[in-house]
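Data first, discussion second: the structure below is written as structure tokens.
The values are calculated or read from the model by the stated rules, or taken from the named source; none is laboratory data. Fair warning: this is a prediction, and the values are worked out from it, not measured in the lab. Glycine also receives a Cβ, built like all others from the backbone with ideal geometry; neighbour counts cover every protein chain displayed. In case anyone asks, the SASA skips ligands and DNA or RNA and just uses the protein heavy atoms, side chains included. Shrake-Rupley method; radii C 1.70, N 1.55, O 1.52, S 1.80 Å.
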Amino acid sequence: LLVAWQEKYSMQQETSETQRSTEGMIDYGGNSSEQQTIVTGSAARIRDLVGGIGVVEPEFRIVDYGCGPGISAIDAVRPAIEAYRERSNGPLVVCHADQPGNDWNALFELAMGETGYASEGVRTEAAVGSFYDQMAPAGSVAFGSCFTASHWLRHAVRLQAPGTVWFADLEGEARAQMSALAQRDWTTFLRRRALELRQGGCLLVVTLGAVPDSTERNGAAASGRHIYRALQAVAQSMVDDRLIRQEVLDGFVFPLWFMTAEEARAPFEADTVLAKAFEIEDIRVEPAPAISADIFGDLIDDPANYAKAYTGYVRAFAGSTLRTQLLMPSAGNAEEADGLEMEFYSRLHDLHLNRPGKYAYELWNLTVAIRKTGG
Ligand SMILES: C[S@@+](CC[C@H](N)C(=O)[O-])C[C@H]1O[C@@H](n2cnc3c(N)ncnc32)[C@H](O)[C@@H]1O
């Protein structure tokens, strides 16, 4: 994979799409409290949606797309199981769906252990692949969920983006290219679910969103905007110290897009298949409950722990992307990349330690709840 990446990189294409956008997230369980809050905060909505689906023959299939390896994958499906059990003792299938690099052993230990949901009449499955492809048989899914995952684009992205690693700060042609990719991927994601959901089935997507904000460069404030500005500052400081190559940084942008409600709604109007297939129950972006101003805000008076928690969080979700797409292309070999990685997180840690709160992690959640009614 790495060799393929380096070959591709050396071709210096203006825009290229290479690897999967995420792989091998690090110490997910210890650094995912925000994701867990999003899942547990969605329990009532899951129960309502499943309650409205009714009894399904021959089996009620739940699929959690981009399930990850941690306890949130269990918390995501438990309310759906419980809500269905209030109506029926019939067969239930829980399918955890994620990429090959997910820590499947960790997940199934949780699912089958004391923390799990295994009980009579519940069958557990895994679907391994990309949610931008088909992951379940056509017409089979009664309830689908996707938490904090669909903001990752289908592929790594390379475009000329000097001065930023963050989609929301792109301008001009780079912004237009990335926006088109993001809309294409979101439409593809929904098209696949339109195929997999049965009539009357529901899909709940909750992920990071953006809200209109006229003070921002592109008219929207996106979740975690300061995270990425901190990462850009660290990366540029390493370029200045000749540790990362400038042209690598200029061509690197995180393969993410956090949609506004308007962007999330657009394909349901523009795409005839989706317009026919789905009824929208709800599309909204709102501040994450309690923690919206800075998810590490509780630690603001304890800079050492603030810096540690923030750096650990960033490393858990962004570590593999930064290593493969920014640090490896600047390093001669894996050992050098290890050294660059240590330096990168040490600088990031110090940034947060010296100025806790300067790069506050604000959070707005996008919720999309839809029902398959046609198509
Ligand atoms: C931040 S984790 C969220 C995990 C879990 N849903 C949660 O809420 O804690 C994002 C997950 O999405 C998965 N993911 C990203 N892109 C994906 C894709 N194209 N297909 C399937 N899973 C994907 C990653 O592998 C990762 O497990």
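Of all residues in segment 101-138, those satisfying the criterion of being among the aliphatic types (A, V, I, L, M) and either free of Cβ contacts under 8 Å to residues at least 40 places away in the same chain or away from the ligand (no atom under 16 Å from the Cβ) (or both) are Ala111, Met112, Ala118, Val122, Ala126, Val128, Ala138. I'd like the full set of residues that are under 29 Å from Val248 (Cβ atoms), in contact (Cβ under 8 Å) with a residue 40 or more places away in the chain and of a type in the set (D, E, K, R), limited to segment 286-345. Scanning segment 286-345 gives Lys308, Arg315, Glu343.
Pairs linking a residue in segment 41-64 that is open to solvent by less than 20 Å² (accessible area, probe 1.4 Å) to a residue that is of a type outside the set (A, V, I, L, M, F, W, C) and modelled with pLDDT of 95 or more, with Cβ atoms under 6 Å and 6 or more positions apart or on different chains, are Ile46/Pro79; Val50/Tyr84; Phe60/Tyr84; Val63/Gly144; Asp64/His96; Asp64/Ser145. The set of residues in segment 96-116 being touching a Ser or Thr at 6+ places or on another chain (Cβ under 8 Å) and open to solvent by less than 10 Å² (accessible area, probe 1.4 Å) consists of His96, Ala111. A Cβ distance below 6 Å, combined with a sequence gap of six or more or placement on separate chains, defines the contacts here; from segment 240-266, residues that are among the hydrophobic types (A, V, I, L, M, F, W, C) reach residues that are in a loop (DSSP other than H, G, I, E, B) in the pairs Phe252/Val165; Val253/Ala161; Val253/Val165; Phe254/Val165; Leu256/His151; Phe258/His151; Phe258/Ser223. You will find that of Asp338, Asp282, Asp301, Asp350, the residue that is away from the ligand (no atom under 16 Å from the Cβ), among the acidic types (Asp, Glu) and closer than 22 Å to Gly209 by Cα is Asp282 and no other. Each residue in segment 139-182 was checked for being within 16 Å of the ligand (Cβ to nearest atom), within 20 Å of the chain's Cα centre (by Cα) and not small (Gly, Ala, Ser), and 12 of them qualify.
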